[in-house]
Amino acid sequence: MPQLFARGFGVMMNFNRVIVALMAATLGFDPVFGQDNEADGITIGVVGRALEDVTEIFENANIKLPARSGILAVHVVAYGPAHKAGISDLDIIVKINKTRVSTIDEFKATVSSLDPTKPCSVEGFHAIRAPSGKATWKRGTLKMTPVRRKELYLNAMRTEKDEITGIVKYTHRDSTKFVNSSTEIYCYVLIENGGPPQLRLHVQYVADDWLFVRRLTIKADDEKFSVEPSRLEGFETDHSGGKIWEWCNCPVDDGLRSNLLSIVDSRNAVIRFEGDKYNKDVELTVTDQSRLHTVLAVYDILRKDAEAK
């Protein structure tokens, strides 16, 4: 990615406490759009908070901010305009096309006025973080071209078409391609021969020892629910070179979709892989939640397109 800023403010800080506090205070992943959350809403792909609303969080972490007002990027949607331009979580946006943005309403109104066929300029501050958690604030201006909501989410998809069956599969670009690569839970969308989209859940467990997974129990904040064996349609297993992997996928009905939305909106989500004798708990990251959100949004978009035909 291109470097965002040219001159530094020389303020050193540790972001660990801030990241935890901000994500705990912010639920959901839909960015600000010019026209609510409709498919043609304009966006640069940033989930933001007004800086004045989160100043106390920074003060409690003994962090001096480089600006008094602006929009803090709490989350940046992968493969969106802001992400491609080099903006990352905890960057501060102060101007768009020389228009100052200090509140979410101002941000929304300014984004709404953007032309998705023309680049816009975004001015702000970026924190280049070191492995130690410290960073240096720098300031500068970036160019990016806004997109519509539908394009934002579809751009994050890996699309594969089986020429024999006619099935088109939409998977997030950052989801694993192989069942033996890593433990992961993700959704994908199938469309058969132009029919209605089908949402499916894929789960895989990769480790050194077998669990023989029979059930999943998921805790999203205070909500807990299980995915029973009958819904999982049975785990498949394989092994090689001292590594094992167990995986399955299943259709997502309205009840399970509601559970997945709870995961997306939670501050803390843990999946328990329950085996014959042992269990393994895996905590989902913000990135995991964001990928789930993106695919669920794509499913809704494709479903509405199919209904409109």
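Please go through the range 235-309 and write out the chymotrypsin sites (Phe, Trp or Tyr not before Pro) that DSSP classes as loop and that have at most 16 other C-beta atoms within 10 Å. Walk me through the numbers on the way to the answer.
On the way: sites: Phe235, Trp245, Trp247, Phe273, Tyr278, Tyr299; in loops: Phe235, Tyr278.
Of the chymotrypsin sites (Phe, Trp or Tyr not before Pro), the ones in loops of the range 235-309 whose Cβ has at most 16 other Cβ atoms within 10 Å are Tyr278.
At a Förster radius of 45 Å, what calculated FRET efficiency corresponds to the Cβ-Cβ distance of Glu163 and Asp222, to the nearest 0.05? Working shown, then result.
Values: r = 47 Å, r/R0 = 1.04.
About 0.45, to the nearest 0.05.
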**Asked** Binning every alpha carbon pair distance of the range 208-283 at 10 Å from zero, what are the percents per bin?
**Response** 18, 47, 29, 6
**Message:** For a quick check of your reading of the filter: which GluC sites (Glu not before Pro) in the range 156-227 sit in a DSSP loop and have no more than 10 other Cβ atoms within 10 Å?
**Reply:** Glu163
**Asked** Of the heavy-atom accessible surface of the chain (probe 1.4 angstrom), what whole percent is carbon and sulfur?
**Response** 46 percent
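With a cap of 11 neighbouring Cβ atoms within 10 Å, and only residues DSSP puts in a loop, list the trypsin sites (Lys or Arg not before Pro) found in the range 230-281. Write out the running numbers ahead of the final one.
Numbers: sites: Arg231, Lys243, Arg257, Arg267, Arg272, Lys277, Lys280; in loops: Arg267, Lys277.
When the trypsin sites (Lys or Arg not before Pro) of the range 230-281 are filtered for loop state and at most 11 Cβ neighbours within 10 Å, Lys277 remain.
So what's the back-of-envelope 222 nm ellipticity for the chain, counting only DSSP H runs of four-plus at -39500 (n - 2.57) apiece and dividing by all residues, rounded to 500? Don't skip to the end; give the middle numbers.
Working: 8 runs with 79 residues, N = 309.
That comes out to -7500 deg cm²/dmol.
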**Rounded to whole Å, sorted largest first: equivalent-ellipsoid semi-axes of the chain, Cα gyration tensor** = 36, 25, 17
**Asked** Please report, for the Cα atoms of the range 179-309, the Rg to one decimal and the Dmax as a whole number; what are they, in angstrom?
**Response** 15.3, 50
**Prompt:** Which of the pairs Lys64/Lys143; Lys84/Lys161; Lys177/Lys219; Lys224/Lys277; Lys64/Lys224 have their Cα atoms more than 30 Å apart in this structure?
**Reply:** Lys64/Lys224
**Request:** Could you provide, to the nearest whole Å², the per residue accessible area of the range 94-155 with probe 1.4 Å?
**Result:** 50 Å²
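Provide the gained length on full extension for the span Asp265 to Arg214, in nm with one decimal, where the gain is 0.36 nm per separating residue minus the Cα-Cα distance. Please list the in-between numbers first.
Numbers: separation 51, 0.36 × 51 = 18.36 nm, distance 2.60 nm.
Extending this stretch completely gives an extra 15.8 nm.
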**Complete:** The alpha-carbon center of the range 178-196 and that of the range 74-99 are separated, in whole Å, by 29 Å
**Fill in**
Measuring from the longest principal axis of the C-alpha atoms of the chain, the long axis of helix 51-60 (C-alpha) lies at a number of degrees, nearest 10, equal to 80 degrees
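The values are calculated or read from the model by the stated rules, or taken from the named source; none is laboratory data. Because the structure is predicted, anything quoted here is derived from the model rather than measured. With ideal geometry, Cβ positions are generated from the backbone for all residues, glycine too; neighbour counts draw on all protein chains shown. Please note that ligands, DNA and RNA were not included when accessible areas were found on the heavy atoms of the full protein model with its side chains. Shrake-Rupley method; radii C 1.70, N 1.55, O 1.52, S 1.80 Å.
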